[in-house]
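The values are calculated or read from the model by the stated rules, or taken from the named source; none is laboratory data. This is a predicted model, so every value here is computed, not measured. Neighbour counts are summed over all protein chains in view; Cβ atoms, including those assigned to glycine, are modelled from backbone coordinates with ideal geometry. Just the protein is used for accessible areas: all its heavy atoms, side chains included, with ligands, DNA and RNA removed. Shrake-Rupley method; radii C 1.70, N 1.55, O 1.52, S 1.80 Å.
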Amino acid sequence: MTGLRQDFRFAFRSLAKDRRFSLLAILALALGIGSATVIFSAVYGVILNTFPFRDADQVTSFGIADLDNPGQGRREFLSLAEFSDYRQQMHAFSDISGEYGGFGSTPLIYTAGDSTYQFSADYMSANSFAFFGVTPVAGRLATPEDTQPGATPVFMMSYQLWRQQFSADPKIVGTSFTLNGVARTLVGIMPPRFRWGWAEVWVPFPSDRGQITAAPDLAKRYVWCVGRLKPGISLHAAEADLDVVAHQVAKIYPHDYPKRFTVTATRLTDRVVGPFESVIYPLLGAVMLLLLIACANVANLLLARATVREREIAVRASLGASRGRLVRQFLVESLVLASAGSIAGCLLAYVGIKAIVPLIPYNVFPQEAVIELNSRVLLFSLGIAVLTTFFCGLAPAYHSIRGQLQSRLTGSGKGVTTDFRHGKGRAALVVAEVALSMILLIGAGLMIRTFFTFTHVELGFTPEHLLTARLPLPDSSHRTADQKRLFRQVVLQRVSALPGVIASSEAIATPPYTGGDSELIVPGTTHSETWKAGLDLVSDGYFRTLGLRLLRGRLLTADDIDEARPVVVVNSAFSKKFFANEDPDGRQVKFKVFDQFPDAPHDAYFEIVGVVSNARNRGLDNEPEPEAYLPSTITSQGDRFLLIMTANNPESLLPSIRHEVWKLDPTIALADVGSIESILERDVYAVPQVELATLATFAGIGLLLVVIGVFSVMAYTVSLQVHDFGVRMALGAQRGDVLALVLRKGLALIAGGIAVGLAVSLGLIHYLSHLVWGISKADPWTFGAVAASVLTVGVGACLIPARRAANVDPMVALRYE
C-alpha cells in the first residue's frame, strides 16, 4: 500500500508537470466516455428498462394469423365478446387487458367555463389498471366496480396533464369533469412513466359479458389485447394454449376467423422495442468506434510519453525498480487519466442528456422510456474507465519494460535516432485512429446523403400551407348515413368560407398515404394475378387542394359529389398498370370493397372520367401505386379528414376551424391535427433526423480526436528529433526541406489510415443497408468527400509541428546535449 501511494503521488506530480499532455488525454477520454455514457443511457432507458410495469417482460400481445395468407399479417383486435371469452378460457395468462382509442385517435372535449380543452383519451378494460401493477401518485386506481350499472363514471389522468393543465393540484382528485358531454369523476393520477396508448386520460369500460351484450356501443367495439404470462409459462406454451382457445371461440364467431389459422404471441418489450433498435444499435456501434479512437489516442500519447521517459525508466531500473513496479507505475498513471476522463465524461454526458432529450421528437422512442444518468449508467461508465485504463496503459507499460533497460542509459538524452525508436507502434495507432474515424465519417456521410435525398423526394403534391384534421363523428349524435354526409358537407362549407382558406376537401386519408385497398374487376380484361388499387373518397376540391395535375378527361365536380354518381378519377399509375397504352376514359371498373358496406352501392361499376398526376401514396420511400379517387358521398363509413390549403401559416387557422365545428356540435373534437409539413417532420423525418444528428456528432468528435492524435504524435516526433533537424540544417538543409520531411511522415500515416478506412468501410457497408436509401451504399461522392476531408484535416494537424521543426535553430539544437 505504501508503494501504491507513492505511485499515485508520483503520477499526479508527473501529470501536473506535463499539462498539455494531460489535458489532451483527459479531453480525448472525456469525449469518448461521455459519448458512450449518453448512448448507454439511451440503451438502458429504451431497450433494457422500457416500461415501468410490474414484470413487464411477462406482458404479451397475440394475434390470429391466416395460414393460407401468410403475408397478410395477423388480426390482433378482438371484439369485446371475444375478449370476454378469451379471459374466461385462458390458462397461460393470469389476466388479459383490452384497450381501444389510444395514440391520439380518440380526443375528448372538456369544457370549463368559457374555455374548451381537448384531451387525448384511451379506453381500457376496467381490470387493466390492476393488470399493469402501477401505483397512482394521487387518489386510487379505477376498478371493475366503477363500471357496474348505477356506478358514477370515472377516469384517470396522466401525471403530465395534471402538472401542465392543473398545476399538480391534489385537490382535483374527486372532482367531476364533463368529458364529451358525460360527467366523470377523476379518481386518480397515474405515475409519470405510465403512458399507455400515449394518452392523457384513461377511461375504464366494463369487461363483464352481460354488460357488453347489453350496451350496443360496446358490442361492436374491437380492442387490442395484452396478457400477463403466469410464472414459469413460456411464450411457446402460451401460443399453444391460445391456439386451443382460439379454435373454440372460432366456432362461436366463424365469420371472424380464417379456415386455417394459428395464434402467435410476442412479448410487449420485443414488439415495442424492436422498431427502436434500428435507431439505437447503429449509434451504439458508432460510439464503440469513437471509444476505440479515444483509447487509441490516449495510448498513443502515453506511448510517445514513454519514449521520452526512456532514460528515466532506465535510471529507475538501475536503482532496483522491478519490471512489475514499472508496469504498475504506468497503469497507475493510466488509471488517474481514465478516472479524470470518466468524471469529465459523466459531466459531459449529464449536460448532453439534459440538452438533447427535450429535442428528441415524441415518436422516436417509447413514451414510457426515460433517458437519464442513473446508478446503472454510472456503473457502466466506471466499467468503461477500467477497460480504458487497461487498454491505454497496456502498450506503454509493455514498451517501458521490454529489452535491456540499463542499455538505454548509453543513448542520447532523448533516446532517439533519426527514425526514432518504437515509432512503428505509434504509427500503427495513428493509422488505426484515422481508419476508425473514416468508418464513422462515411457512415455519417451516407446518412447525410440519404436524409437529403429523402427530404427532397418528389411528392407529387404541394405540402406547403396544407392543413389536415380528422373529423370523428360520434354515433350518439350522428347515427344515419345521411346525417353524417350532411354534417360533413356543412363543416366543409363553413371551413371553405374562412379567411385565408384557398381550397378545401374531405378525404379518408392524408398524403403521402392512401385510404385503403380494394380488389378490382375491369370488364373485358383477363389477368392471372389479383388486381388491387388504393382508394380515397374525396370531394371536388381535393385535386386543387393537393395541386394534382389533370392529364386526361375531367375532374370530379360538385354535382358528382352531391348526387353520389358512380364516377372515378384515377392516377397515372392506375392507368398504366391496368390499361397499358389504352385510353381509360369511359372504361368501367368495379371496386369489390363496396359490396361490404351497407350504405354503399353493391355490384356497382364506376366510369373513369379522368386521369391525374401521381402523388406518393405508400410513404416517401415507395413509388406511387395505382389509386382511384371516388365521390366522398358513395358511403359514409369511416372517419374523414379535412384537407385545407391556406394562404398563410396553416396551424394559425386551427382555432377558427375548431370554433366552426363546435358551433355545429360541441361534443366533436378534431383529431390528428397539424400541417402536412409538421406531420412529415414528426412521423417520417424524425427518426432519420435523430440518427443523422447523433451519428454526425460522433463523427465530428472522432475527427477532432484524430486531429488531437495526429498533432500530439507529430509534436512528440518533432521534439524527439530536434537534434537530428539541427544536424541536417547545419549541413545545408533548407527549412522547406525539413518542413516537407515532417509533412511527408504525417501524410504517410494519414494516407495509410484513409486507405485502411476505405477498405474496411466497403467491407462493413452492408450493415448500414437498412439506413441507406436513394443512393448507392458505396456512394463515390460520400467516400471521396470523406477522404478529402480527413486528408485536409490531417494536413492541418501536421502543419504546426512541421513549421516548428522548420524553425529549429541549428546552433541551439547542436548544443542541446
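Which whole number in µm²/s is D for segment 184-249 by Stokes-Einstein, with the Kirkwood Rh taken over Cα pairs at 20 °C and 1.002 mPa s?
The estimated diffusion coefficient comes to 138 µm²/s.
Counting only DSSP beta bridges with both residues in the chain, what percent are antiparallel, rounded to the nearest 5?
Details: 67 of 86 bridges.
Taking every DSSP beta bridge within the chain, about 80 percent pair in antiparallel fashion.
What is the distance in Å between the Cα centroid of segment 727-741 and that of segment 36-93?
Here the answer is 72 Å between Cα centres.
Mean shadow of segment 30-85, computed from the convex hull of its alpha carbons, in nm²?
Computed as one quarter of the Cα hull surface, the answer is 7.2 nm².
Just to verify a number: FRET efficiency for Leu791 and Val386, C-beta to C-beta distance, R0 = 41 Å, to 0.05?
On the way: r = 36 Å, r/R0 = 0.87.
So the FRET efficiency works out to roughly 0.70.
Order the following by accessible area, largest value first: Glu677, Glu99. Probe radius 1.4 Å; ligands, DNA and RNA are ignored.
The residues order as Glu677, Glu99, largest area first.
Note down the nm distance, to one decimal, between modelled labels 7 Å out along Cα→Cβ at Leu799 and at Asp639.
Result: 5.9 nm between the two label points.
What dipole magnitude, in Debye to the nearest 20, does segment 452-512 give about its Cα centre under +1 on Lys/Arg Cβ and -1 on Asp/Glu Cβ? Present the calculation step by step, with values, prior to reporting the outcome.
Numbers: 6 positive and 5 negative charges, 65 e Å.
I would put it at about 320 debye.
Largest first, what is the accessible-area ranking of Leu436, Leu643 with a 1.4 Å probe?
So the residues, ranked largest to smallest area, are Leu436, Leu643.
Working out 0.36 nm times the residue gap between Trp198 and Ala240, then minus their Cα-Cα distance, what length gain in nm do you get to one decimal?
My answer for the length gained is 12.0 nm.
Across every pair of different alpha-carbon atoms, what Kirkwood hydrodynamic radius in Å does segment 239-332 reach?
Computed over segment 239-332, the radius equals 20.0 Å.
Step by step: find N for the chain, compute 2.2 N^0.38 Å, then divide the Cα radius of gyration by it. What's the final number? Walk me through the numbers before you get to the answer.
Working: Rg = 34.5 Å, N = 817, 2.2 N^0.38 = 28.1 Å.
Normalised Rg, Cα atoms only: 1.23.
Could you list which residues have their amide H under 5 Å from that of Ala138, counting only those 5 or more apart in sequence or on another chain, with H placed in the peptide plane?
Ile189
Calculated FRET efficiency, Asp665 and Gln160, Cβ-Cβ r, R0 35 Å, to nearest 0.05? Spell out each step's value before the answer.
Details: r = 28 Å, r/R0 = 0.81.
Between Asp665 and Gln160 the formula returns 0.80.
Hey, could you grab the Kirkwood Rh for segment 223-289? Inverse mean 1/r over distinct alpha carbon pairs, Å, one decimal.
Across segment 223-289, the inverse of the average 1/r is 14.9 Å.
Taking 0.36 nm per residue of sequence separation and subtracting the Cα-Cα distance, how much length would be gained by fully extending the chain between Asp517 and Asn807, in nm to one decimal?
96.8 nm is the gain from fully extending Asp517 to Asn807.
Suppose we look only past 16 Å in the calculated P(r) of segment 160-272. What percent of the Cα-Cα pairs does that tail hold? Walk me through the numbers before you get to the answer.
On the way: 4766 of 6328 pairs.
Value for segment 160-272: 75 percent of Cα pairs lie more than 16 Å apart.
Counting only residues 5 or more places away or on other chains, whose amide H sits under 5 Å from the amide H of Thr185 once H atoms are built in the peptide plane?
Counting only residues 5 or more places away or on other chains, the set is Val154, Phe155, Phe177.
Cα-Cα pairs above 18 Å in segment 480-582: how many percent?
58
What is the dipole size for segment 39-189, taken about its Cα centre, with +1 at each Lys and Arg Cβ and -1 at each Asp and Glu Cβ, in debye to the nearest 20?
For segment 39-189, the charge dipole is close to 460 debye.
Can you sort Trp202, Trp162, Trp781, Trp773 by 1.4 Å-probe accessible area, starting with the largest?
Trp781, Trp773, Trp162, Trp202
Using only DSSP helix segments of four residues or longer, with each worth -39500 (n - 2.57), what per-residue ellipticity at 222 nm results for the chain after dividing by its residue count and rounding to 500?
That comes out to -16000 deg cm²/dmol.
With a 1.4 Å probe and all protein chains left in place, how much accessible area per residue does the chain have, in Å²?
Working: 35840 Å² over 817 residues.
Value for the chain: 44 Å² per residue.
Under 25 °C and 0.890 mPa s, how fast does segment 591-679 diffuse according to Stokes-Einstein, given a Kirkwood radius computed over C-alpha pairs? Answer in µm²/s, whole number.
Working: Rh = 16.6 Å.
The estimated diffusion coefficient comes to 147 µm²/s.
Roll a 1.4 Å probe over the protein heavy atoms and report the accessible area of Val793 in Å², nearest 10.
Surface open to solvent at Val793 totals about 40 Å².
Sorted from largest down, give the three principal axis spans of the alpha carbons of segment 671-796, whole angstrom values.
83, 27, 19
Just to verify a number: FRET efficiency for Leu731 and Ser278, C-beta to C-beta distance, R0 = 60 Å, to 0.05?
Efficiency, from the Cβ-Cβ distance: 0.45.
Magnitude of the Cβ-charge dipole of the chain, K/R +1 and D/E -1, about the Cα centre, nearest 20 debye?
With only Lys, Arg, Asp and Glu charged at Cβ, the dipole is about 4860 debye.
Give me, ordered by chain and number, the residues 5 or more places off Gly674 or on other chains with an amide H under 5 Å from its own placed amide H.
For Gly674, whose amide H was placed from the backbone, the distant partners under 5 Å are Thr468.
Can you list which of the chymotrypsin sites (Phe, Trp or Tyr not before Pro) found in segment 297-384 are DSSP loop residues with at most 13 other C-beta atoms within 10 Å? The partial results should precede the final answer.
Numbers: sites: Phe330, Tyr350, Tyr362, Phe380; in loops: Tyr362.
Answer by residue number: Tyr362.
Place the peptides 74-83, 582-591 in order of packing, highest mean first, counting for every residue the other Cβ atoms within 10 Å and averaging per peptide.
So the order, starting with the most tightly packed, is 74-83, 582-591.
Report the extension gain between Arg260 and Gln118 in nm, rounded to one decimal, defined as 0.36 nm multiplied by the number of residues separating them, less their alpha carbon distance.
Taking 0.36 nm per residue and subtracting the Cα distance, the gain is 46.7 nm.
In the structure displayed, which of Lys17/Lys424; Lys17/Lys354; Lys251/Lys590; Lys259/Lys592; Lys230/Lys251; Lys259/Lys576 lie more than 31 Å apart, Cα to Cα? It would help to have the intermediate numbers written out before the result.
Details: Lys17/Lys424 27 Å; Lys17/Lys354 35 Å; Lys251/Lys590 33 Å; Lys259/Lys592 21 Å; Lys230/Lys251 26 Å; Lys259/Lys576 36 Å.
From Lys17/Lys424; Lys17/Lys354; Lys251/Lys590; Lys259/Lys592; Lys230/Lys251; Lys259/Lys576, over 31 Å: Lys17/Lys354; Lys251/Lys590; Lys259/Lys576.
Output ³J(HN,Hα) for segment 319-325: one whole-Hz value per residue in order, computed from phi by the Karplus curve 6.51 cos²θ - 1.76 cosθ + 1.60 with θ = phi - 60°, and x for Gly and Pro.
Result, ordered by residue: 8, x, 5, 7, 5, x, 5 Hz.
Picking from Ser776, Leu331, Phe129, whose Cα lies most toward the positive end of the charge dipole for the chain (charges on Cβ: Lys, Arg +1; Asp, Glu -1)?
With unit charges placed on the Cβ atoms, the residue in question is Leu331.
In whole Å, what are the extents of segment 1-114 along the principal axes defined by its C-alpha atoms, from largest to smallest?
78, 52, 33 Å, listed from the longest principal axis down.
Rank His602, Asn617, Trp662 by how far each Cα sits towards the positive end of the charge dipole of segment 577-664 (+1 on Lys, Arg Cβ; -1 on Asp, Glu Cβ) and give me just the farthest.
Trp662
Would you work out which of Ala138, Val43, Ser105 lies farthest towards the positive end of the dipole of the chain? Charges go on Cβ: Lys and Arg +1, Asp and Glu -1.
Selected residue: Val43.
Express in Å², to the nearest 10, the accessible area of Thr633 obtained by rolling a 1.4 Å probe over the protein heavy atoms while all chains stay in place.
10
Using 20 Å as the cut-off for backbone N distance, which residues of segment 483-500 belong to the label zone defined by a point 7 Å from the Cα of Ala558 along Cα→Cβ?
Under 20 Å, as judged by backbone N against the label point of Ala558, lie 485-500 of segment 483-500.
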